[in-house]
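> Below is one structure. I have some questions about it.
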Amino acid sequence: MTNGSHSRRDVRYRVRIRVLLAIGKRTMSSVSQDVSLRGLFVHTDSPPALRQLVRVDVTLPGEVKLSLNAMVVFVMPPRNEHRRPPGVGLQLYGVGREAEAVWQRFVRDLAAQHPEADRVAVELQPPTAPDPVRRRHPRLAVRLRVLPRNVDALIEMWTRDVSRGGMFLETEHEMAVGAALELDVVHPHTSATFTLPCIVRRVARGSAGRGVGVEIVDLDAQGRAAFQEFAMSSIPELDEDVSLVADDDPSLV
């Protein structure tokens with residue numbers, strides 16, 4: 001386990017809210033494990049490094065959307081000795097007064113309305129996707145253009161995340177669970193395509209996003225590894241966009 005110099009001063013409330021983490025040019029969808037007045041812990045299979053600056057977009061109860069900056073102050077890596085879900089502890093950083101007031105009001109209201117939340121997990125928002133950690137196939141947050149071969153309408157879709165086992169596709173097109181799809185995934189830099197046979201396993205029509213979760217079928221382990229490499233090669237280098245923050249930076253909340 002990797003730890004920073006951060007010491008816990010606030011009560012943490014065990015609550016699940018939807019979170020979108022932006023790290024450099026990457027984004028990943030996740031959920032929180034707990035929140036406090038100064039930050040939150042977010043589940044992720046691919047935790048960023050200590051002191052890294054990230055953007056946190058959260059959807060609070062009532063569909064209130066809030067964008068915050070935060071520094072990574074604690075890392076729980078995958079397959080850790082404590083057998084705890086991997087993720088990162090985030091401390092708010094350089095947050096404007098208005099945004100900070102909204103966040104702190106949310107935490108205080110949570111404490112007042114759910115006094116058990118400091119002991120028992122509270123589900124404020126029904127999950128719209130499977131838990132973002134402990135999957136058989138870890139997911140990669142990457143946006144790729146997808147063209148279905150066997151859909152009557154001429155449509156295109158975009159991935160929200162991909163793995164060796166499947167993808168979530170953002171689309172307004174109606175599809176039924178169990179539908180078979182033949183999908184051409186387009187590489188953004190080379191325009192090469194990777195064809196995947198898939199089955200629709202989940203349909204999402206909630207406020208967190210509209211689309212379908214599909215399972216990749218009839219593809220052997222070598223083919224799955226090749227597709228993962230295809231998807232990873234589409235991600236640009238991140239070095240110039242990664243910011244590190246000192247533990248004693250005065251902008252930390």
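> If Lys and Arg each add +1 and Asp and Glu each add -1, what is the summed charge of the other residues whose beta carbon sits under 10 Å from the beta carbon of Leu68?
Around Leu68, the surrounding residues sum to -1.
> Here's a follow-up. Arg14: net charge of surrounding residues, Cβ under 11 Å, Lys/Arg +1, Asp/Glu -1, itself excluded?
Net local charge, Arg14 excluded: -1.
> Taking the Cα centre of the range 2-130 as origin, work out the dipole magnitude from +1 charges on Lys and Arg Cβ and -1 charges on Asp and Glu Cβ, in debye rounded to 20.
In total the dipole reaches around 320 debye.
> Okay, moving on. Non-local amide H neighbours of Leu124 (under 5 Å, H modeled in plane, Pro and chain starts lacking H): which ones?
Close amide H contacts, sequence-distant or interchain: Arg16.
> Through the Karplus equation 6.51 cos²θ - 1.76 cosθ + 1.60, θ set to phi - 60°, convert the phi angles of the range 28-33 into ³J(HN,Hα) values in whole Hz; use x for Gly and Pro.
Here the 3J(HN,Hα) series is 8, 8, 7, 9, 7, 9 Hz.
> If you don't mind, another one. How large is ³J(HN,Hα), in whole Hz, for each residue of the range 96-108 in order, when computed from phi with the Karplus curve 6.51 cos²θ - 1.76 cosθ + 1.60 and θ = phi - 60°, using x for Gly and Pro?
So the Karplus estimates, Gly and Pro as x, are x, 4, 5, 5, 5, 5, 4, 4, 5, 5, 4, 5, 5 Hz.
> Taking the C-alpha atoms of the range 30-87, how large are the radius of gyration and the largest Cα-Cα span, Dmax, in Å?
When restricted to Cα atoms, the range 30-87 yields Rg and Dmax of 12.1, 38 Å.
> Rounded to the nearest 5, what is the percent of antiparallel bridges among the DSSP beta bridges in the range 2-130?
The antiparallel fraction comes to roughly 95 percent.
> On to the next question. Whose amide H sits under 5 Å from the amide H of Val142, counting only residues 5 or more places off or on another chain, with H placed in the peptide plane?
Asp161, Val162
> Could you give the length gained on full extension between Gln104 and Val64, defined as 0.36 nm per residue of separation minus the Cα-Cα distance, in nm?
Here the answer is 13.1 nm.
> Counting only other residues whose beta carbon sits under 15 Å from that of Trp103, what net charge do I get with K and R as +1, D and E as -1?
So the environment of Trp103 carries a net charge of +2.
> Quick one: length gained pulling His187 to Ala111 fully straight, 0.36 nm per residue minus the C-alpha distance?
22.7 nm
> Additional query: Against the globular-protein guess of 2.2 N^0.38 Å, express the Cα radius of gyration of the range 145-232 as a ratio, rounded to two decimals.
Compared with the compact-globule rule of thumb, the range 145-232 sits at 1.02.
> Suppose we keep just the alpha-carbon trace of the range 2-130; what are its Rg and Dmax in angstrom?
Final numbers for Rg and Dmax: 13.7, 40 Å.
Each reported figure results from applying straightforward, stated rules to the coordinates on display, with no laboratory input. Being a predicted model, the structure only gives us computed values, none of them experimental. Reconstructed Cβ throughout: ideal geometry from the backbone, glycine too, with neighbour counts over all protein chains shown.
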